[in-house]
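Following: one structure in structure tokens, then a few remarks.
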Amino acid sequence: MSEHYEVVLSCFLRDDTPAPVLAALRWHMGMDDDCPDTLDPDGHPYPLLLPDGNSRLPGGDTVCLRRTVQEFTASGDRYEWELFARKDWVDDLTLHLDAFLELIAPHIANSGYGGHIRHVYETEVKPFHFHDGTYDPVEV
């Protein structure tokens, strides 16, 4: 029997995030059908954020990637990519969490909290912290 985890991603990516990274995120979310050639199939064997109609989470799975205005300045608007996902993951998917976090870490707009993982029957969360283009590893 599989263990289930709630995985939450709540972070902003810089506006200059490369197109291949955005394409990989869209594929992971089920927005694009074809896996980008730039992804290592060992670390990204299948879409990790594809919403599941059989989610065990109250309210179901949620995923969102959108470009939003973060600041209005005299020289124009400043944009960032908003990434939010709340997903029910089975334990097999957690093997690929590091590869996913490595994909987005260099493009995080602000250091700090970026989400968490939690066993569905626990209350303690294990947060993802991003800083200097990397993240603190999370043990599941």
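Observations on the model:
- In the stretch 81-140, the GluC sites (Glu not before Pro) that fall in loop regions by DSSP, at most 16 other Cβ within 10 Å: E122, E124, E139
- In order along the stretch 72-84, phi translates into HN-Hα couplings of 9, 10, 4, 8, x, 6, 10, 9, 9, 8, 7, 10, 9 Hz, rounded to whole numbers, per the Karplus curve 6.51 cos²θ - 1.76 cosθ + 1.60 with θ = phi - 60° and x for Gly and Pro.
- Per residue, in Å², the accessible surface of the chain once ligands and nucleic acids are set aside, probe 1.4 Å: 55
- Rounded to the nearest 20 debye, dipole of the stretch 23-140 from Cβ charges on Lys, Arg, Asp, Glu: 500
- Chain lengthening between R78 and D40 when straightened (0.36 nm per residue, less Cα-Cα): 10.5 nm
- Of the residues Y113, Y135, the one with the largest accessible area comes first in the ranking Y113, Y135, computed with a 1.4 Å probe on protein heavy atoms.
- Note on V125 and E102: with the Förster distance fixed at 25 Å, the Cβ-Cβ geometry gives a FRET efficiency of about 0.75.
- With every protein chain in place, the chain: carbon and sulfur % of accessible area (1.4 Å): 49
- Of A85, L39, L103, farthest towards positive along the dipole that unit charges on Lys, Arg, Asp, Glu beta carbons give the chain: A85
- In percent, rounded to a whole number, the relative contact order of the chain is 32, using alpha-carbon pairs under 8 Å and six or more apart.
- Rounded to 10°, Cα long-axis angle of helix 19-28 versus longest principal axis of the chain: 30
The values are calculated or read from the model by the stated rules, or taken from the named source; none is laboratory data. All figures in this text were calculated on a predicted structure; none of them were measured in a lab. Positions of Cβ are generated from backbone atoms using ideal geometry, with glycine treated the same way; all protein chains shown enter the neighbour counts. Only protein heavy atoms, including side chains, enter the accessible area calculation; ligands, DNA and RNA are left aside. Shrake-Rupley method; radii C 1.70, N 1.55, O 1.52, S 1.80 Å.
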